[in-house]
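Everything below concerns the one structure shown next.
The values are calculated or read from the model by the stated rules, or taken from the named source; none is laboratory data. Please read all numbers here as calculations on a predicted model, not as lab measurements. Neighbour counts are summed over all protein chains in view; Cβ atoms, including those assigned to glycine, are modelled from backbone coordinates with ideal geometry.
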Amino acid sequence: MKFTSVEEIIEHFSLNAQSREDIKKILKNLIKEYHPDKNMGDFQDDTQKSKFHEINSALEYLNSASSEVLQSKQNEMLALVNILTELSSIKKEEVKVENFEAKNSSLKSKLNDSVNTFHKKNITPKITSLALTSVLTTIWLFPSIVKDHPILKTLYTYNEEFTLVWIICLSLTAIIWFFTKYIEKKDEMIKQSFKLESTQNNIFLLYTIWMRATCRNYTMSEDNKFIALFTKEDFIYFLMNRFSILDTHAEEIELLSSRYERIKLVEEIENHLKYNLRKNKLKTIRPLKLFPVAGEIDIETAQLISDLLIERLITKEVISKTGTKSLSDTFQFAYDY
């Protein structure tokens, strides 16, 4: 006899139990009474044999049903684990996007502040030149003020020379204002470009060439690729001290067909910079900078740019974090010779 449900087994054997485990226990005890081992390995009659097979069939159904239930539960658990894993992966991606957007927003804000700070640095020469020119213009337009003054009255007798001085000061003021306007525009253009992916890609391209040219930390892999190692501090140093210089030679570097030629050019630039640095150290008097340098970034801005760029490179699997234990994370990337 084949059983197709638990209810059918309960009804057939007139059982009071409802749970599968209780039913199995009752049937196991019952089958012992009809087991052929009790009669020297043989059934007493056909009724006993029939009862034995019925109970055995019921137990087989319960065991198979239990396996199906267990398999079903395992499948449900596996599906649940897959859903949780997928949700966790989505959550991590969302967190990455949020972190990237937060860093990008911080960089934009910092660059805008840097542009405003650069404008403020140019106020002193602009106001000073304007004030001086205004005073000289007033004296030139109203000589009577000078004529009656005990000290300034000497200027009145040299009206032609004074006029020449006034014209020179007026010209210098105009030059200062035009020049400051030019460098302010240039500074804003350079700093705002750091937000662009094209500029960030160019930064990393020049950095890889500079790394090879300066023989920084690298090893050779079995497939003849350079495995370069660097920290965020190395990248920040490059941003603050080398990128702007190499960027002025970017077109010249891009025109070179082979990486070897590009590396040799960057080596020449690096050697020239080191020579000038040693030369400047010998000078006791250094020229006073009247105007700030357009495009210069501070260490905080360099750190924000490096954080953003490193995260982009990791996401695109261009670089990877090494297992080296240190205070700063170490990254690596591979490139052909």
Legend entry - Glu252 part of a helix (DSSP H, G or I), over 30 Å from Ala131 (Cβ atoms) and assigned by TED's automatic domain parsing to the domain that holds Leu304: yes
Inset, instruction - For the range 233-245, indicate whether the set of residues that are at pLDDT 85 or above, over 30 Å from Ser106 (Cα atoms) and in contact with a Leu (Cβ under 8 Å, 6 or more places away or on another chain) is non-empty. - result: no
Inset, instruction - Kindly list the number of the only condition in (1) over 25 Å from Phe118 (Cβ atoms); (2) at pLDDT 80 or above; (3) out of contact with any His (no Cβ under 7 Å at 6 or more places or on another chain); (4) not in a loop (DSSP other than H, G, I, E, B) that fails for Gln303. - result: (1)
Legend entry - Given (1) surrounded by fewer than 14 Cβ atoms within 10 Å (Cβ to Cβ); (2) closer than 24 Å to Ser106 by Cα; (3) outside the structural domain of Ile127 (by TED's automatic domain parsing), number of the condition Asn217 does not satisfy: (2)
Legend entry - Every pair of residues 6+ apart whose Cβ atoms lie under 9 Å, when the first sits in the range 45-63 and is over 16 Å from Glu33 (Cβ atoms) while the second is modelled with pLDDT under 80 and among the β-branched types (Val, Ile, Thr): Tyr61/Thr4; Tyr61/Val6; Tyr61/Ile9; Leu62/Val6; Leu62/Ile9; Leu62/Ile23
Inset, instruction - Go through Lys185, Lys181, Lys195 for me and flag whichever is under 17 Å from the mean Cα position of the chain (by Cα) and either without any contact (Cβ under 8 Å) to a residue 40 or more places away in the chain or not in a helix (DSSP H, G or I) (or both). - result: Lys195
